[in-house]
1. Please enumerate the residues belonging to segment 566-582 that are of a type outside the set (Val, Ile, Thr) and crowded, with 20+ Cβ neighbours inside 10 Å.
2. Looking at segment 603-617, which of the residues that are in a helix (DSSP H, G or I) and under 35 Å from the mean Cα position of the chain (by Cα) is nearest to ALA555 (Cα to Cα)?
3. Within the group LEU151, LEU164, which residue is crowded, with 16+ Cβ neighbours inside 10 Å, free of Cβ contacts under 8 Å to residues at least 24 places away in the same chain and closer than 18 Å to PHE123 by Cα?
4. Looking only at segment 569-619, filter to residues that are among the polar types (S, T, N, Q) and in contact with a His (Cβ under 8 Å, 6 or more places away or on another chain); which one of those is farthest from ARG679 (Cα to Cα)?
5. What number of residues in segment 6-34 are closer than 26 Å to TRP175 by Cβ and at pLDDT 80 or above?
6. Residue under question is LEU414, and the condition is that it be crowded, with 19+ Cβ neighbours inside 10 Å, more than 30 Å from ALA591 (Cβ to Cβ), touching a strand residue (DSSP E or B) at 6+ places or on another chain (Cβ under 7 Å) and in contact (Cβ under 8 Å) with a residue 12 or more places away in the chain; does it hold?
7. Cβ contacts < 9 Å: first residue polar (S, T, N, Q), restricted to segment 499-524; second residue part of a helix (DSSP H, G or I) and loosely packed, with under 13 Cβ neighbours inside 10 Å, any location; separation 6+ or different chain. Result?
8. Do any residues in segment 167-187 that are charged (D, E, K, R) have Cβ atoms under 6 Å from those of residues that are part of a helix (DSSP H, G or I), where the two are at least six apart or on different chains, and which pairs are they?
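The values are calculated or read from the model by the stated rules, or taken from the named source; none is laboratory data. All figures in this text were calculated on a predicted structure; none of them were measured in a lab. For neighbour counting, all protein chains shown are included, and Cβ atoms are generated from backbone atoms with ideal geometry for every residue, glycine included.
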Amino acid sequence: MSSSAAAAGVVDDPVELARFTRIDETRGIAESSLQLSGLHCAACAGQIEAALRSVDGVLDAEVNYAASRTRVRWLPHRTRASALVSAIRAAGYGAVPDTAALARAMRSTERRQLLWRLFVAAFCAMQVMMLATPVYVADPGSLAPDLEQLLQRSAWMLTLPVLLFSAAPFFTSAWASLRRRRLGMDVPVALGVAVAFVASSGAAFDPGGVFGHEVYFDSLTMFVSFLLAGRWLELRARHAAADAIERLAFGAPRQAWRIVDAQGGVEAISIERLAAGDRVRVPLGEAFPGDGVIDSGATQVDESLLTGESTPVPKTTGDAVVAGSMNLGAPVVARIERVGADTRCEQIAALMRDALTRRPAATRLADRIAGPFLGAVLLLALAAAVVWWTIDPSRAIWVAVSVLIVTCPCALSLAAPSALLASTSALARRGVLLRRVEALETLARVDHLMLDKTGTLTQARPQFRASHAIGHCDEDRRARLTRDAAALAHWSTHPLSRALVDALPDAALLATQWREVHEVRGLGLEAIDAAGQRWRLGAARWLGVAAGHAQADAALAFGPIGRPLLAFSFDESLRDDAQAAVRALRAQGMALTVLSGDEPVRVARLAERLGIDHAVPGATPERKLDALRALQSGGRVVAMVGDGINDAPVLAQADVSFALVHGAQVARAAADAVLLSGRLQDVAHALHVGRLTVRVIRQNLMWAAAYNAACVPLALAGWLPPWAAGLGMAASSALVVANAMRLARIA
């Protein structure tokens, strides 16, 4: 067995397989994520997808060229992961499991190989240009024929390393495309290089032959150098995005100091051996090894890896900490609650990998038109050669080569992916995680934003203020009912329920007195007490509090069905940046609507305080959906920001949606983006970035179209030599990437 085959077989080991594959046992479907190398254009993605789909047992394959990743869904009972890797390698590309060590090593190898190819091409191009200079500067007839032939043949020898080593990836990729009867973007490049070399060789060794006496070894080597330089810039951009994901996924240390006895003794263990419930000592200057809470001590923590906010956050006993955050204040003891793949850090990294694997509509469109476009390029080059053969046979080959080179649609294929990748990375550093890269295109068209109130515009955890009797109720009974309500609230994660639980923590011991507890989305909790009576804790209107009652605008009510006994009021405060976020959104011309299940008085008061014109109070999930659909049916492009279970249907229905990181898991799963930073101002920033991204994509597409419109006629007219065509194509690709990378620097 070859070493490559053996390496591919390692991925079938169950332990290794679990690192990059998720298996749905109920459906018997596996989904693997692989890191790719050797991609040079968007058409390469189609080559790899075709190779994977030809494997028996593969259900679907999706390649993101910009991120150099593929996601494959396959049937474990019909194929193996090693067959996927082998299929990709047989197509002429590299593939390793999407885990940090292997992927990082592969990227390092890819960078090193490309640098060597670029160095050889540039060095040889300089020497070839030096040999060609006497021919260009000498007066006609002043250079002896034998000396001219010596210079040309010396240039031929220096061109061989460029052809055989530096340009090898173009030929490998082109051959893989042709074997599968597809046209990749390296086909015209390889064809142009090959034709130029063969024709120049014929002219160098047989000046009186069919190829004439003109050689273009200088043009050929310069073209390869320019093209490799452009691909080097593109490679750096893609690797920077991959490195950012790895810094997030592997920010946690590889070692932890676990406390092993009551005296505080510690042992150094691998992070893999850490388990939920362990107490660990986190020294000053080290990262927390898992998600948990501070067990003893007080410190300051740098959470910029997750939130993008560099200001240290104070933490004391009982405060939550996340894996990968840095301890900056003092040594503390933490109790670990989640480790490994269960940590928020790893879940976020998995979402980022998933987002970067998906291909947006603009990229899919470029992929679809690439094949027909390349076919037209080949026909155009052939037609140019035929026409020029009748005009001037000595120039026919060079015109065809120039046409092949200048029309290579590399800039077109990079226009959208490079911009989307740069914006995604910039937003991730800011603390906005896009779960769908294509959401950027929708963000640019949003003209109406809907915001949930509780936990989104207001603080996630309000403070319990007081309970109020509805009707006659003495003080002892009111206290007892308040304790019973807190016990029932223990079954819910709603912010108001948690505030009630926090105010009466001892009531949690009575939670088991309630039976058949279920939560009605957007309304509250319903349960049966020990005597068999059914009670409710939730919105005042749900319990039947009369609209004109003094407590009708209270946040919660409690009592048997149809007979509310208590109402609870809470102190509600705006999020620190709510007003600044609303001002920023209004400055962008955004129409705003507040959605809330609270009573009209409370919602109207908050909307007026923020300067928001539209509010929907008493909103059930169904009413929120109706309000959203009404706007969409009127032609509005609507974004939604929420955090609760009752927001999930609206988040899923919105054109684009944001969920706060502290919100319910179902809300985060339904959203297109997660606000890791927790800052509402980042919603305005994301909308701004979306508009800038679409603008840059349009600029890139316009530039690619203008470049081809200007240069193709010049090449057809014979006014654009191959070296200039190569410079133009490489410069066009480099300009597109550089323009897109401006987005990565958006603060």
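1. Hits for segment 566-582 are LEU566, ALA567, PHE568, PHE570, GLU572, ALA578, ALA581.
2. Per the stated criteria, the residue is LEU606.
3. LEU151 is the lone residue from the list that is crowded, with 16+ Cβ neighbours inside 10 Å, free of Cβ contacts under 8 Å to residues at least 24 places away in the same chain and closer than 18 Å to PHE123 by Cα.
4. SER569
5. 1
6. No.
7. Close Cβ pairs (under 9 Å, with a partner that is part of a helix (DSSP H, G or I) and loosely packed, with under 13 Cβ neighbours inside 10 Å) do not exist here.
8. As it stands, the answer is ARG180/ALA50; ASP186/PHE170; ASP186/SER173; ASP186/ALA174, since those pairs meet every condition given.
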